[in-house]
Amino acid sequence: MPLPSVVPAPTSIESAAGESFSLGAGTPITGDPDAAAALTAVIGARTGLTFTTGSPDARATGTVELTVTAGGAPESYRIEVDDASVVVTGADAAGLFYGVQTLTQLVAPEGDGWIVPAVVIEDAPRFAYRGVMLDVARHFHPVETVKAYIDRAAGLKLNALHLHLSDDQGWRIHLDSRPKLTELASGTAVGGDSGGFYTKADYREIVEYAASRHMIVVPEIDMPGHTHAVGLAYPELAEAPVLNDQMLDQSQGEGIAAPAAGSPYEGTVVGFSSLKIHDEATYDFIADVFGELAAMTPGPYVHLGGDESLGTEPDDFAEFVARASDIIADLGKTPIAWHEAGDSPDLADSTIGQYWGFVTPTDGMDETARGFVENGAQLILSPADAIYLDMKYAADAPLGLTWANGPTSVERAYSWEPADVIPGIEEGDILGVEAPMWAETVRTLHDIDQLAFPRIAAAAEAAWSPPTGASRLRTWESFRKRVGALGPLWTSLGIGFHSSDEIPWAAE
């Protein structure tokens with residue numbers, strides 16, 4: 001019998017002797033109540049069955065047991081299935097949760113019923129940080145959409161949600177210390193769409209919901225570029241837009257007015273805005289913003305942006321990111337910055353770099369990324385031509401962009417190895433992998449699903465599974481078949497995935 005399909009690929013999966021476990025409406029699910037609730041919700045949607053939780057009925061012919069047993073690696077788990085029981089053991093609560101996610105993928109129809117095949121799985125993550133980013137600045141996405149994306153990401157064992165909360169087009173988080181940001185700078189979005197923002201209660205709801213799925217939230221306030229919206233609320237902090245011919249031509253092609261000080265911006269040009277680097281009022285602003293945001297965020301990271309600051313002189317940029325990173329570090333948080341900040345000689349030494357260049361680096365992007373490691377910190381890898389989820393699948397696709405080396409197929413999203421991207425960067429220098437979703441063309445949860453799935457599964461496997469070549473499962477041919485088998489599960493969960501013709505999708 002072939003091995004069942006699991007994504008991301010586990011460390012070890014082997015068929016076990018004996019018959020499969022028969023799953024039915026009378027099957028009791030015992031042990032950890034949170035894990036039991038997570039399991040019954042998903043397999044109930046998948047099978048239509050209703051399960052009992054708590055102590056097993058003496059008449060039951062088999063039991064699903066969900067327990068935490070300390071001692072293993074963080075986030076690790078073990079699954080043992082035979083005809084009498086399914087036992088999922090996590091080394092911690094997160095490990096048990098991930099074991100439950102795997103178990104939901106194992107459930108399969110057989111005849112008129114449902115079974116779990118007899119297997120033994122041992123599994124643990126490769127990288128500690130396994131993220132997705134959602135841009136809520138170019139187009140705003142309400143709390144329910146964010147929570148739905150959390151569910152989708154957590155089901156693939158991703159454990160960080162990076163929220164891009166500010167950009168030229170809008171500011172998306174209310175702060176008591178700077179109320180004008182949402183009063184004056186949150187109402188617009190790309191293409192003239194309406195904007196929006198999260199109240200502090202909204203943000204707390206997102207953070208708590210993510211935590212219930214063993215995910216942290218990483219808030220990003222992008223600066224010193226991507227800050228046109230700041231100038232709408234606090235014009236004294238913003239420089240006038242710096243526009244070149246390419247930016248003006250792009251604005252004309254979009255039919256959107258070029259950026260102008262004091263006017264909301266609805267286009268997609270990047271790199272024209274900057275905060276005032278040599279004004280102490282700017283750093284008072286940063287202290288207010290990050291101080292309040294850090295107090296609202298229980299996770300360890302706060303992202304300061306730092307990308308595409310084309311309107312800022314290099315020496316000024318280096319000074320700015322050094323001071324901003326120090327402000328965040330002094331708040332007891334670990335700063336994260338896009339890879340451009342790695343050039344700053346005075347960057348706070350705890351600052352994590354996020355590399356968004358290509359799988360084969362260009363224009364010295366690998367050199368700036370190595371700067372974080374030389375400074376004693378680590379890198380998050382987000383190669384744009386592999387796992388930027390907002391890229392088109394094909395040139396004629398209605399959603400997405402193409403700037404990252406053209407359309408990105410599912411195979412290209414899969415066929416890269418984190419340890420091979422930046423020369424001189426070793427396994428221990430990599431904190432993890434993150435798949436961003438920029439929202440220039442993304443307006444709805446359906447749009448998110450269409451662009452993310454199935455490529456988000458490729459990013460999840462790069463983040464969780466053994467290195468390429470270290471497992472018989474870590475091949476494109478294995479991956480495409482395993483992902484194809486998940487189609488019925490994703491459909492039952494309401495995920496409107498892109499039915500790529502690269503994938504042999506299973507029929508129910």
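Quick one: helix 143-154 against the long Cα principal axis of the chain, what's the angle to the nearest 10°, folded into 0 to 90? So the inclination is approximately 50 degrees. Its alpha carbons give the stretch 81-223 an Rg and a Dmax of 19.7, 62 Å. Relative to the dominant Cα principal axis of the chain, helix 476-485 is inclined by about 70°. Residue by residue through the stretch 402-416, which ³J(HN,Hα) values in whole Hz follow from phi under the Karplus form 6.51 cos²θ - 1.76 cosθ + 1.60 (θ = phi - 60°), with glycine and proline marked x? So the J values, rounded to whole Hz, are 9, 5, 8, 6, x, x, 10, 6, 5, 4, 5, 4, 8, 8, 8.
Across the alpha-carbon atoms of the chain, the computed radius of gyration and Dmax are 23.4, 77 angstrom.
For Ile115, the residues whose amide H sits under 5 Å from its own are Leu23, Ala108, Glu110, ignoring neighbours fewer than 5 places away on the same chain, with H placed 1.01 Å from N. The radius of gyration of the Cα set in the stretch 129-173, together with its Dmax, comes out at 11.0, 32 angstrom.
The modelled label-to-label distance between Asp112 and Asp279, using points 7 Å beyond Cα along the C-beta direction, is 7.5 nm. Among beta bridges identified by DSSP and lying wholly in the chain, the antiparallel ones come to about 35 percent. Counting charges near Gly469 (Lys, Arg +1; Asp, Glu -1) among other residues having Cβ under 12 Å from its Cβ returns a value of 0. When Rg and the Kirkwood radius Rh are both evaluated on Cα atoms of the stretch 20-129, their ratio Rg/Rh stands at 0.96. What a 1.4 Å probe finds exposed on the chain is 51% carbon and sulfur by accessible area, rounded to a whole percent.
In this label model, Ala201 and Ala84 are separated by 5.3 nm, measuring between points 7 Å along each Cα→Cβ vector.
Taking the Cα centre of the stretch 1-102 as reference, the dipole from Cβ charges on Lys and Arg (+1) and Asp and Glu (-1) amounts to some 220 debye. What separates the Cα centres of the stretch 175-207 and the stretch 330-372 is a distance of 28 Å.
In order along the stretch 180-195, phi translates into HN-Hα couplings of 5, 4, 8, 5, 10, 10, 10, x, 10, 7, 4, x, x, 5, 6, x Hz, rounded to whole numbers, per the Karplus curve 6.51 cos²θ - 1.76 cosθ + 1.60 with θ = phi - 60° and x for Gly and Pro.
Think of a 1.4 Å ball rolled over the protein heavy atoms: the stretch 20-123 then has 41 Å² of accessible area per residue. Think of each Lys and Arg Cβ as +1 and each Asp and Glu Cβ as -1; about the Cα centre, that makes the dipole of the chain roughly 1680 debye. Computed with a 1.4 Å probe over protein heavy atoms only, the accessible surface of the stretch 307-372 comes to 40 Å² per residue. Sparsely packed loop sites in the stretch 432-508 (the trypsin sites (Lys or Arg not before Pro) outside DSSP H, G, I, E and B with at most 13 other Cβ atoms within 10 Å) comprise Arg472.
Under 28 Å of direct C-alpha separation, and excluding same-chain neighbours fewer than eight residues apart, Lys333 reaches these lysines: Lys147, Lys157, Lys180, Lys200, Lys276. Against the chain, whose longest principal axis comes from its Cα atoms, helix 33-47 is set at around 80 degrees. Across the stretch 1-43, the residues whose backbone nitrogen lies under 17 Å from the label position 7 Å along the beta-carbon direction of Ala470 are 8-13. Averaging the sequence gap over all C-alpha pairs within less than 8 Å and six or more residues apart, then dividing by the number of residues, gives the stretch 166-268 a relative contact order of 34 percent. Spin-label pair Asp330-Asp176: with each label point 7 Å from Cα along the Cα-Cβ axis, the two points sit 2.2 nm from one another. Residues in the stretch 202-269 average 43 Å² of solvent-accessible surface per residue, probe 1.4 Å, ligands and nucleic acids excluded.
When shorter helices are ignored and each DSSP H run of at least 4 residues is given -39500 (n - 2.57), the per-residue value for the chain at 222 nm works out to -9500 deg cm²/dmol.
The values are calculated or read from the model by the stated rules, or taken from the named source; none is laboratory data. Predicted model, so just to flag it, every value in this text is computed and none were measured. All Cβ positions, glycine included, derive from the backbone under ideal geometry; neighbour counts span all protein chains shown. Please note that ligands, DNA and RNA were not included when accessible areas were found on the heavy atoms of the full protein model with its side chains. Shrake-Rupley method; radii C 1.70, N 1.55, O 1.52, S 1.80 Å.
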